[in-house]
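The values are calculated or read from the model by the stated rules, or taken from the named source; none is laboratory data. On a predicted model such as this, the values are computed, not experimentally measured, just so you know. Reconstructed Cβ throughout: ideal geometry from the backbone, glycine too, with neighbour counts over all protein chains shown.
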Amino acid sequence: MNAQQSHTPVTVLGLGAMGRAIAGAIHRGGHPTTVWNRSAGRADDLVAQGVTLAPTAAEAVRASPVVVVCLLDDTSVRDTLAALVDPLAGRLVINVTTVTPKRARETAAWAAEHGIEYLDGAIMAIPEMIGLPVASLLYSGSQAAFDTHRGLLELLGGARWFGADAGLASLYDLALLGSMYSMFAGFAYGAALVGSEGVPATEFAELAAPWLTAMTGGLTGHAEYFDSADYTAETQSLDFNKAAVDTIAEAGHDQGIRTEVIAAVQHLIDHQIAAGHGKESFARIIEAIRPPATGGGGREGR
């Protein structure tokens, strides 16, 4: 990357906690940075550091060839960008707002129709992590934009491009977040279960953290089952796991806590056992989650 590229002016639209963190990291990286936010008062610290606050979104966009969009949701993105078609023409939009793959593809198509280069981004980090090596950001869409501005993107954290399909970054993002939320919900169930007998959640966490960390070692084995669709049980079958999960749910009822978290797992197991797969691996629960098979591939009896 040449010196001119390394100091490309950048505009950030949206100054929530994440938007402010992004703008700060970009500014510290040497890029002239302009910001805009719908509500006032959120740019004070950034302005004190030398960031420019634009009075309107249009003026903010005109200040830079690269526009980073970090807003509340897809509706906010669409409403904001729709009013900026003319100033955005010929510029690069990097949208790091959390959206669905479908929405990302629709925004990419809209951008292409209006002569706007588009890169979709997904942030696997909290604001405090932005700019640190532990932050990870996923991108899809224009490879040319990713390659040209990789130095800029890496100011925010590790940057990885997933392909020209603009929906891929958000697909991975939501898949990872779905895994995370399910894990935290499971931990909450465990904490509530022991908490019903007065055990502090912090004490439970001391046991849960190393246990869950150890269990992640089994992810690769489950993934191999998922990809092969051969669920021949090597150790514990669905029938075996049903007994364990039913007992976990029964204990929750006995202790007076809500059991919807574990009930979801019960439902997946029961679905597959009812289809005649009780002797197969627990990993087969994915077949109760996947869309219906279109034929072949060992997906019968879902």
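Annotations
- Only listed residue being basic (Lys, Arg), at pLDDT below 95 and assigned by TED's automatic domain parsing to the domain that holds residue 124, chosen from 62, 42, 91, 103: 42
- Of the residues in the stretch 153-171, not one is part of a helix (DSSP H, G or I), surrounded by fewer than 15 Cβ atoms within 10 Å (Cβ to Cβ) and not assigned by TED's automatic domain parsing to the domain that holds residue 18.
- Residues of the stretch 141-167 that turn out to be among the aromatic types (Phe, Trp, Tyr) and under 16 Å from the mean Cα position of the chain (by Cα), as a count: 2
So that you can scan it fast, the table gives a plain yes or no per residue for (1) free of Cβ contacts under 8 Å to residues at least 60 places away in the same chain; (2) farther than 25 Å from residue 178 by Cβ; (3) of a type in the set (Lys, Arg); (4) assigned to a helix (DSSP H, G or I):
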residue: 210; (1), (2), (3), (4): yes, no, no, yes
residue: 215; (1), (2), (3), (4): yes, no, no, yes
residue: 227; (1), (2), (3), (4): yes, no, no, yes
residue: 251; (1), (2), (3), (4): yes, yes, no, yes
residue: 261; (1), (2), (3), (4): no, no, no, yes
residue: 269; (1), (2), (3), (4): yes, no, no, yes
residue: 272; (1), (2), (3), (4): yes, no, no, yes
residue: 278; (1), (2), (3), (4): yes, yes, no, no
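The rows are residues; the columns are (1) under 30 Å from residue 93 (Cα atoms); (2) β-branched (Val, Ile, Thr); (3) exposed (fewer than 11 other Cβ atoms within 10 Å of the Cβ); (4) modelled with pLDDT of 95 or more.
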| site | (1), (2), (3), (4) |
| --- | --- |
| 193 | no, no, no, yes |
| 210 | no, no, yes, yes |
| 213 | no, yes, yes, yes |
| 217 | no, no, yes, yes |
| 223 | no, no, no, yes |
| 248 | no, yes, no, yes |
| 254 | no, no, yes, yes |
| 259 | no, yes, no, yes |
| 262 | no, yes, no, yes |
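- Any chance residue 233 is among the aliphatic types (A, V, I, L, M), over 23 Å from residue 179 (Cα atoms), surrounded by 12 or more Cβ atoms within 10 Å (Cβ to Cβ) and modelled with pLDDT of 95 or more: no
- Total residues in the stretch 168-214, condition among the β-branched types (Val, Ile, Thr) and either within 19 Å of residue 260 (Cα to Cα) or within 16 Å of the chain's Cα centre (by Cα) (or both): 1
- For the stretch 60-82, a residue qualifies if it is in contact (Cβ under 8 Å) with a residue 12 or more places away in the chain and either surrounded by fewer than 18 Cβ atoms within 10 Å (Cβ to Cβ) or of a type outside the set (A, V, I, L, M, F, W, C) (or both), and the qualifying residues are 62, 64, 65, 72, 73, 74, 76, 78, 80.
- Test result for residue 117, among the charged types (D, E, K, R), surrounded by fewer than 18 Cβ atoms within 10 Å (Cβ to Cβ), free of Cβ contacts under 8 Å to residues at least 40 places away in the same chain and under 20 Å from residue 145 (Cβ atoms): no
- Condition check for residue 238: at pLDDT 95 or above and touching a strand residue (DSSP E or B) at 6+ places or on another chain (Cβ under 9 Å): yes
- So residue 235, is it in the same structural domain as residue 278 (by TED's automatic domain parsing), in a loop (DSSP other than H, G, I, E, B), over 25 Å from the mean Cα position of the chain (by Cα) and not charged (D, E, K, R): yes
- Scanning the stretch 194-208 for residues that are part of a helix (DSSP H, G or I) and of a type in the set (Asp, Glu) returns 203, 206.
- Apart from one condition, residue 33 fits all of (1) among the β-branched types (Val, Ile, Thr); (2) in contact with a helix residue (DSSP H, G or I) (Cβ under 7 Å, 6 or more places away or on another chain); (3) touching a residue at least 60 places away in the same chain (Cβ under 8 Å); the exception is (3).
- Filter result (buried (at least 17 other Cβ atoms within 10 Å of the Cβ) and either of a type in the set (S, T, N, Q) or closer than 20 Å to residue 84 by Cβ (or both)) within the stretch 32-52: 33, 34, 35, 36, 37, 42, 43, 51, 52
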